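Structure record follows, encoded as structure tokens.
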Amino acid sequence: MTALLKVDGLHAGYGHVGVLEGVSIEVPEGGFVALVGSNGAGKSTLLRTLSGLLKPTAGQITFGGQAIAGANPAAIVGRGLLHVAEGRRLFRGQSVRDNLQLGLWGSQISTGEAAARYERVHALFPILAERPDVPAGILSGGQQQMLAVGQALMHAPRLLMLDEPSLGLAPAVIDQLLDAVVQLRAQGTTILLVEQMVDRALQIADTAYVLAQGRVIGQGPARELRGSELVRRAYLGAAAT
């Protein structure tokens, strides 16, 4: 499969503190890739760098055949790479409808296409269609996460990056969210997932990369990595090279 996203030798961090050290990954067009590793492994830093929120200090990022390392976040969104960050970052005083509408910012589409995107989000998350005028801030945690994903979908992403979508949610809501992610992939959206529920992530993804201390220490078919010694060592913090 052709790589939609290719990362080669990426270094990035915060100020003088380096986090990523030579990270290289590929996400094929139409594929589903999971990033797994313990807290502090560099997973969120990688997504922030890919979306332009952090500037890399070295390395290459290619998306859709074009270099985007260090590009403006708005330009990266315009190319179709959308990042749903950890923590459900919404406009909490604005309604569900208004938050979804903000997802259309910068899109040059017809009224009919906009309506089709609303319809797609509502089909995936019916509760959002039932509560269009409710302020985002009073939704449940699960509903807020659905809204955050829905907002990104309004921009019709080529690649959707999800950072810990299950964080702090009840098991039944987690199942609903991850089932929706599987549906999105089946509909043609390429997925890059960071997820704390490692076993579930490795069950639904095609390929996985294991990160530890800012480095990729392993990769392979996701289901083959479930329960592997490599993943166990990454989460226990043991040396893995």
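State to the nearest 20 debye the size of the charge dipole of the range 87-241 about its Cα centre, where the only charges are +1 on K and R beta carbons and -1 on D and E beta carbons.
260 debye
Over the range 91-155, what is the relative contact order in whole percent, taking alpha-carbon pairs under 8 Å and six or more residues apart?
57 percent
Quick one: if you stick a label point 7 Å off each Cα along the C-beta vector at Gln94 and Leu230, how many nm between them?
It is 4.2 nm.
Are there DSSP H segments in the chain that both extend 15 Å or more along their axis (alpha-carbon positions) and score a mean Kyte-Doolittle hydropathy of at least 0.5? List them, or say none.
The answer, listed by residue number, is 171-186.
Pull up all non-local amide H partners of Leu4: gap of 5 or more, or a different chain, and H-to-H distance under 5 Å with H placed in the peptide plane.
Here the answer is Val27, Glu29, since their amide H atoms fall under 5 Å of that of Leu4.
Cα centroid distance between the range 179-237 and the range 1-18, in Å?
The distance from the Cα centre of the range 179-237 to that of the range 1-18 comes to 17 Å.
How high is the relative contact order of the chain, in percent, counting Cα pairs under 8 Å that sit 6 or more residues apart?
It rounds to 26 percent for the chain.
Whole-Hz Karplus ³J(HN,Hα) for the range 93-101, in order, using 6.51 cos²θ - 1.76 cosθ + 1.60 and θ = phi - 60°, x for Gly and Pro?
Computed from phi, the couplings for the range 93-101 are x, 9, 6, 4, 4, 5, 5, 5, 4 Hz.
Calculate, in whole percent, how much of the Cα-Cα pair population of the range 15-65 lies beyond 18 Å.
33 percent
Mind listing the long-range amide H neighbours of Ala212? Cut-off is under 5 Å, sequence gap 5 or more, other chains count too, H placed in the peptide plane at 1.01 Å from N.
Ile217
Taking only Cα atoms of the chain, what ratio of Rg to Rh do you get with Rh as the Kirkwood inverse-distance radius?
0.96
Take Ser110, project a point 7 Å from its Cα along the Cβ direction, then tell me which residues of the range 64-98 have their backbone nitrogen under 14 Å from it.
none
Given a cut-off of 15 Å, what percent of all Cα-Cα pairs of the range 68-134 lie beyond it?
The proportion of pairs with Cα distances above 15 Å equals 62 percent.
Amide H to amide H, which residues 5 or more places from His83 or on other chains are under 5 Å from it, using H placed in the peptide plane?
The list, which skips near neighbours in sequence, is Met161.
Assigning unit charges at the beta carbon (Lys, Arg +1; Asp, Glu -1) and nothing else, what dipole magnitude in debye, to the nearest 20, does the range 91-155 show about its Cα centre?
Roughly 100 debye, rounded to the nearest 20.
Only residues of the range 59-83 count here: report those whose backbone N is under 14 Å from the spot 7 Å along Cα→Cβ of Ser24, or say none.
59-62
Put a dot 7 Å past each Cα toward the Cβ at Val134 and Met197; how far apart are the dots in nm?
In this crude label model, Met197 to Val134 measures out at 2.1 nm.
Bear in mind these aren't lab numbers, they're just calculated from the coordinates by the rules spelled out. Quantities reported herein were computed from a predicted structural model and do not represent experimental measurements. Cβ atoms come from the backbone with ideal geometry, glycine included; neighbour counts cover every protein chain shown.
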